[in-house]
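What follows is a single structure, written as C-alpha cells, with notes after it.
What follows is calculated from the coordinates using simple rules that are stated; it is not laboratory data. Source: prediction; values computed, not measured. Quick reminder, even Gly has a Cβ in these numbers, built from the backbone with ideal geometry, and neighbours come from all protein chains shown.
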Ligand SMILES: Nc1ncnc2c1ncn2[C@@H]1O[C@H](COP(=O)(O)OP(=O)(O)OP(=O)(O)O)[C@@H](O)[C@H]1O
Ligand SMILES: [Mg+2]
C-alpha cells in the first residue's frame, strides 16, 4: 500500500461541506445575538474593554464589534459588514448584523434538507431586488430646507442613542455642522460634503455637555510658540506653510572643518542669515498669523515676533487643510513663493484661550463668508461620556448628510420591514418550485427588526407581531407606515411617532445584509492556512499586559477600572 499523500500542511485546520456551512451560520447567529439588545430606543449599552485597557461604553453596533476579538472567519466577515455599513452610510450598523444573522439562520433548515446553496442564493438575490423596489415605492420625499422636518429625522436617529437625554442640543449641532460643510451650494455632491475631512469633533475636557456647540472655524490644541506673540487678533491675515522654518539639515552627512574661531562664527552667521531671509520673505506679505505643519526654530520665532506675527507650529495636515478652507489661504511650500493671493483673509478672529489645563486656539470664519468647514466643540466631564457622545454625533451627522444628498425617507420602527415583508410574501406566490421557500424566508427574516425592537422594550412579542402582520395585511396601501413604538411597546403609525429614516440607510442595510449572507452561504470549505493558534493565545494576552505596564498612560479611551458614573 502506498503512503498517503499529504497535500495540506498537517497543522492546517479544515472544515468542509455541511460542517463549514453550519459553522458559519452558527457564528453569524452568535454575533447577531451579541448585539441584539443594542437595537432601538430602549437599547442596552455595552461596556467593551479594548486591547489597550480602555473602556468603550456604547450601543453603536460597529463600535462594539470592532473592539471584540473573534476567531471564526465568518464572524470576522460579519464585523467587516458592520464596518462597511458605517463607512458607506454611517447608521444601521446594528440592524445590518441582526438582519444578516437572521437570513443565515433561516437558511439552516433548508441546507439540512439538502437544498443547494445556489438555489437559496438566487432566491435571496431576487428577493433583495424586489425588496429594494418595494422600499423605493414607499419612500416619501422630505423638504430639506425645512429645518423642523430635518430635525425630526435626526431626532429619530439619535432617539436610540445615549445623547437623547440631552434633547435637541445634539440634533441642532449635527444639522448645523452639515449645513456649514454643505455651504450655500444647493446641489453639493457626496464628495463635497466630506464630513470626515471638513468637520472635526474636538473634545475639550471639563464643563458640561450642554456647553457643546458648533464652531464655524478651526480649533487647535496649541499655544503660540513665543510668549510675547499676540493671543488675540481681529481680522487676521493668515499664511499657511507646510515647510520647516529652521535651517535645513543636509541629507547626507557633511563634515565642516573650522580652523579658526572666525570660521565657525561665519558658519553660524550663514545659518542665521538663511533663517532671517526666510522670515523676511514671510513678512513681505504682512501676515498676522503664520501656521506651519513642521518645525519653527527659536530664531525664526524671534524674527516673526519682531515683525508682529503670531506663529503656530506642528499643525496636523488635516487641520491645516481645514484652516485653508476657512481662511481662504493656500498652503505654500516655500516662503519665497508666497504671494498676496495666498494669504487668507476670510477669518474674523484669532484667539488663544486657556481651558482647564490646556491652551486652545480658536480661529473663526467670518459669518458671511461661504467657508465650508467647522469644528464641533464637545464639552463633558467624563471621557467615556464624551467618546460616546462623539460616536452618536457622527451617526446623526451622517444621517443629516444622507438626507441632504437624497431626501427620500422611509418609516422606521420596523414599519418598512413589515411592509416589505408583506410585499415579498405577496410576490412569492408567483414563484414556483424550490425557490419559493428561501424567497419567503427573506420576508420572514425582515420581521426580525420589529421583533427585536419589541423584545428590547419588554412587550409581548408574539401578540404584537401578529397584530402588526394583520394590520399590514388588512390594507397594505394604507397601513404601510405602521410599525412598533419602541418606547411604549405598542403598535403605532410612524406618521404619528415621527420615526423616519433615510432611504439610503435602509436600502443599504438590506443590500449589505443579504449580500453578506449570500457570500457566507456560498462557502463550503474553510481552510485556515495558519497553524492552530489555541496555544498562542495566552502569550499574546500576556504580551499585551506587559506592554501596558511599560507604557503607563497609553490607554486610548478612559482609564482602566473607571466606573460608569453617567449610568445613574
Ligand atoms: N422611537 C422609536 N420607536 C420604534 N423604533 C425606533 C424608534 N427610534 C428608532 N427606532 C428604530 O430603531 C432602529 C435603529 O436602532 P439603532 O440606532 O439602535 O441601531 P442601528 O441604526 O441599526 O445601528 P447604529 O445606530 O448602532 O449604527 C431602526 O430600525 C429605527 O427604525
Ligand atoms: Mg442608529
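Can you tell me the 0 to 90 degree angle between the C-alpha axis of helix 461-474 and the longest principal axis of the chain, rounded to 10?
In the chain, helix 461-474 runs at an angle near 80 degrees to the longest axis.
If r is the Cβ-Cβ distance from residue 524 to residue 470 and R0 is 45 Å, what FRET efficiency results, to the nearest 0.05?
Between residue 524 and residue 470 the formula returns 0.65.
For the chain, find the longest principal axis of its Cα atoms and tell me its angle to the long axis of helix 117-138, 0 to 90°, nearest 10.
70 degrees
Evaluate E = 1/(1 + (r/R0)^6) for residue 268 and residue 314, where r is the Cβ-Cβ distance and R0 equals 22 Å; express this FRET efficiency to the nearest 0.05.
Once rounded, the FRET efficiency stands at 0.30.
With a cut-off of 18 Å, note down the residues of region 232-259 whose backbone N falls inside the zone around a label point 7 Å from the Cα of residue 306 toward its beta carbon.
Under 18 Å, as judged by backbone N against the label point of residue 306, lie 245-247 of region 232-259.
Need the full-extension length gain, residue 80 to residue 253, defined as separation in residues times 0.36 nm minus the C-alpha distance. One decimal, nm.
57.5 nm
Give me 397, 78 sorted ascending by neighbouring Cβ count inside 10 Å, so fewest comes first.
In order of increasing Cβ crowding within 10 Å: 397, 78.
Can you give the relative contact order of the chain as a percent, counting alpha carbon pairs under 8 Å and 6+ residues apart?
Here the relative contact order equals 26 percent.
Roughly speaking, what is the stretch gain from residue 337 to residue 151, that is 0.36 nm per residue apart minus the C-alpha to C-alpha distance, in nm to one decimal?
Roughly 62.3 nm would be gained on extension.
Using Cα centres only, tell me the gap between region 422-501 and region 80-101 in whole Å.
Region 422-501 and region 80-101 have Cα centres spaced 20 Å from each other.
What's the FRET efficiency of residue 221 with residue 277 using the Cβ-Cβ distance as r and R₀ = 25 Å, to the nearest 0.05?
The computed FRET efficiency comes out at 0.20.
What list do you get for 99, 6 if you sort them by fewest beta carbons within 10 Å?
The most exposed by this proxy come first: 6, 99.
Given labels modelled 7 Å from the Cα in the Cβ direction, how far is it in nm from residue 14 to residue 33?
Using points 7 Å along Cα→Cβ, the separation is 3.0 nm.
Angle check, please: helix 436-446 long axis (alpha carbons) against the longest principal axis of the chain (alpha carbons), in degrees 0 to 90, nearest 10.
50 degrees
Please work out the ratio of the alpha-carbon Rg of the chain to 2.2 N^0.38 Å and round it to two decimals.
The chain yields a ratio of 1.19.
What is the distance in Å between the Cα centroid of region 137-156 and that of region 225-295?
53 Å
Using 7 Å Cα-to-Cβ label points, what is the residue 351/residue 390 separation (nm, one decimal)?
2.4 nm
Length gain on complete extension for the stretch residue 70 to residue 286, per 0.36 nm per residue less the alpha carbon to alpha carbon distance?
Working it through step by step, the gained length comes to 72.0 nm.
Below 8 Å, C-alpha to C-alpha, sequence gap of six or more: please give me the relative contact order for region 375-478 in percent.
Value for region 375-478: 24 percent.
Which value at 222 nm does the chain reach when only helices count, each DSSP H run of 4 or more adding -39,500 (n - 2.57), with the total divided by all residues and rounded to the nearest 500 deg cm²/dmol?
The helix-only estimate for the chain comes to -15000 deg cm²/dmol at 222 nm.
At a 10 Å Cβ-Cβ cut-off, how would you order 510, 162, 215, fewest neighbours first?
If I rank by nearby Cβ atoms, fewest first, I get 215, 162, 510.
Evaluated at 25 °C with a viscosity of 0.890 mPa s, what Stokes-Einstein diffusion coefficient in µm²/s does region 118-253 have when Rh comes from the Kirkwood expression over alpha-carbon pairs?
119 µm²/s
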